[in-house]
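One structure is given here, and the rest of the page talks about it.
Since every read-out is calculated from the coordinates, none of them should be taken as a lab result. All values reported here derive from a predicted model rather than from experimental measurement. Backbone-built Cβ (ideal geometry, glycine too); neighbour counts: all protein chains shown.
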């Protein structure tokens, strides 16, 4: 049963905190890219209309597919509390204590991966969770290390205020091209003022999976976590996941450093993997799907920072103690293996993909092929949300339109074609 909360005023997400980070090595990033390519290849072999679905899905893939080249893959350490020290040139307290994602398999964003996505009415099952993490031990070890990756999961529909902190969002103008308020769906959380235990998600259906980390996990970018039994999710419900670290070693902040730049540390340590904007001056919301795609999506990444973890927000900001902080400028590498029966494509209006673009990337001159007759509106936007081209297209059956965009600056653009309430968005790269 959902509990809908009504608020006298909309409450806004706090300004995003910046964390120290390091870039992945070329070899590490190549491994991540190969995983992404494998998912794309599998999607290309998937069914075309309705039927069984079994695929590995991630909102980070949506962002990478659209914005590769203008986002970076990096890692940052996280730890149970702020007594743990990191050293990126000088010692400082670690401010991040967990990370996660709200997962929405019904987001049309998965269409850019070529994946069969679900409708809001399709139930689904989570069989496996792949947690993007960089785990390192302080000394050689084989087998189990004594450390634990804790995966907390909740689920509920978008109005369930017992599971999500309803009413949180970004006001219009927070990000370039944002002309309306966009609400997000962070999970409810209760902090803990003590060190050692970082509080917990609040949902009554909270599920905890404790994964015992092994020496072999130091050689991978994704840690594979299999639930004791497949997680059954009702149609329309979203999944929230929060990953935290429970060390098996004792730690003394007076004599030890948890993490030292370069991946070293005096004790075992773990970092999360994420995509992020290339610089702090780049304020584009590459990871806010309702804005980048112009379509509904509850998918969002979030970080457990110190203020919320310790329940330290006060005054007018006290409401921020109630949820894990969402982010529009980063996306955590968290994948879900999803199975179910999709009805997408059984209704021709469910699968709206009339447009293809060739060549892409292009030096400017492209062919826009529209496969289905009808009246369409075509728009081209840059990554700041600026509309740089718009036109109406009247298509008899299947037609090809040649357009020359060489007058535009080099970069990535989003091409959107609309007919009635249906919309498709593709990426166009000009070089």
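Observations on the structure shown:
- Theoretical FRET efficiency, 1/(1+(r/R0)^6), r = Cβ-Cβ of residue 224 and residue 27, R0 25 Å, to 0.05: 0.80
- Within the chain, helix-based [θ] at 222 nm, where runs of 4 or more DSSP H residues each add -39,500 (n - 2.57), nearest 500: -2500 deg cm²/dmol
- Placing a label point 7 Å from the Cα of residue 429 along the Cα-to-Cβ direction, the residues of the range 352-385 with a backbone N closer than 15 Å are 357-364.
- As a rough guide to protection, the peptides 242-248, 228-234 ranked by mean Cβ packing within 10 Å, highest first, stand as 242-248, 228-234.
- Among (1) 64, 63, 50; (2) 73, 48, 43; (3) 80, 66, 45, the entry that matches Cα extents along the principal axes in Å as calculated here: (2)
- Computed from the C-beta positions of residue 392 and residue 280, the FRET efficiency with R₀ = 35 Å rounds to 0.30.
- Packing, taken as the mean count of other beta carbons within 10 Å per residue, orders the peptides 210-218, 333-341, 390-398 from highest to lowest as 333-341, 210-218, 390-398.
- Percentage relative contact order, the range 22-342, counting C-alpha pairs under 8 Å, at least six apart: 33
- Theoretical FRET efficiency, 1/(1+(r/R0)^6), r = Cβ-Cβ of residue 207 and residue 408, R0 51 Å, to 0.05: 0.60
- Label-reachable residues, the range 257-284, where backbone N falls under 11 Å from a point 7 Å from residue 93's Cα toward its Cβ: none
- Judged by the gyration tensor of its Cα atoms, with axes a ≥ b ≥ c, the range 21-106 is prolate; a/c meets the 1.5 cut and a/b is the larger of a/b and b/c.
- Rough spin-label spacing in nm, given labels placed 7 Å along Cα→Cβ, for residue 260 and residue 18: 2.6
- Were the residues from residue 313 through residue 140 laid out at 0.36 nm apart, the gain over their Cα-Cα distance would be 58.2 nm.
- Nitroxide proxy distance, nm - points 7 Å out along Cα→Cβ at residue 70 and residue 377: 2.2
- The modelled label-to-label distance between residue 215 and residue 246, using points 7 Å beyond Cα along the C-beta direction, is 2.4 nm.
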